[in-house]
């Protein structure tokens with residue numbers, strides 16, 4: 001029996017606006033920090049709306065410079081559904097690239113690795129399909145925002 005090869009289907013682009021970084025200091029695994037998620041946009045073929053001013057990215061930055069991304073926030077669709085987003089991943093690259101990102105400088109996303117897997121959940125029957133779909137994302141970090149292209153794993 002041959003299993004199906006998975007495919008990716010673009011769902012939306014998340015334009016996530018970020019608040020000021022809150023440094024927690026050195027934790028067990030690396031430098032800990034909290035980055036508030038304060039708004040943004042959702043646009044795409046399957047989801048459209050806004051990022052709500054609720055949630056944060058609870059990051060760990062390891063000695064190598066790699067950042068472990070651990071976010072929890074929510075979107076409100078244009079037709080009023082609220083969808084929770086839990087997004088986990090990594091941002092990694094050459095030391096000079098990560099240093100430039102840390103200074104808020106623009107860096108082409110192809111110069112570093114930023115990948116995530118996301119779980120979406122809602123109680124709104126119109127979007128019940130998100131509760132049973134796996135999502136992956138590619139991302140780019142800007143000075144005060146993050147862009148994530150979210151794909152359904154089919």
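Whenever a residue of the stretch 42-65 is within 17 Å of residue 88 (Cα to Cα), its partners that are part of a loop (DSSP other than H, G, I, E, B), lying with C-beta atoms within less than 7 angstrom and at least six residues away or across chains, give the pairs 60/27; 60/29; 60/30; 61/30; 62/29; 62/30. Among the listed residues 38, 21, identify the single one that is under 17 Å from the mean Cα position of the chain (by Cα) and modelled with pLDDT under 95. When all the criteria are applied, what remains is 21. Filtered by the rule that a residue be more than 20 Å from residue 40 (Cα to Cα) and in contact with a helix residue (DSSP H, G or I) (Cβ under 7 Å, 6 or more places away or on another chain), the stretch 60-93 gives 65, 93. Beta carbons closer than 6 Å, at least 6 apart along the sequence or on distinct chains, pair a first residue in the stretch 137-154 that is closer than 15 Å to residue 43 by Cα with a second that is at pLDDT 95 or above and assigned to a loop (DSSP other than H, G, I, E, B) for 152/133. Is the stretch 13-20 home to any residue that is under 19 Å from residue 134 (Cβ atoms) and either without any contact (Cβ under 8 Å) to a residue 24 or more places away in the chain or in a strand (DSSP E or B) (or both)? Within the stretch 13-20, one or more residues are under 19 Å from residue 134 (Cβ atoms) and either without any contact (Cβ under 8 Å) to a residue 24 or more places away in the chain or in a strand (DSSP E or B) (or both).
The values are calculated or read from the model by the stated rules, or taken from the named source; none is laboratory data. Fair warning: this is a prediction, and the values are worked out from it, not measured in the lab. No Cβ is skipped: glycine too gets one built from the backbone with ideal geometry, and neighbour counts run over all protein chains shown.
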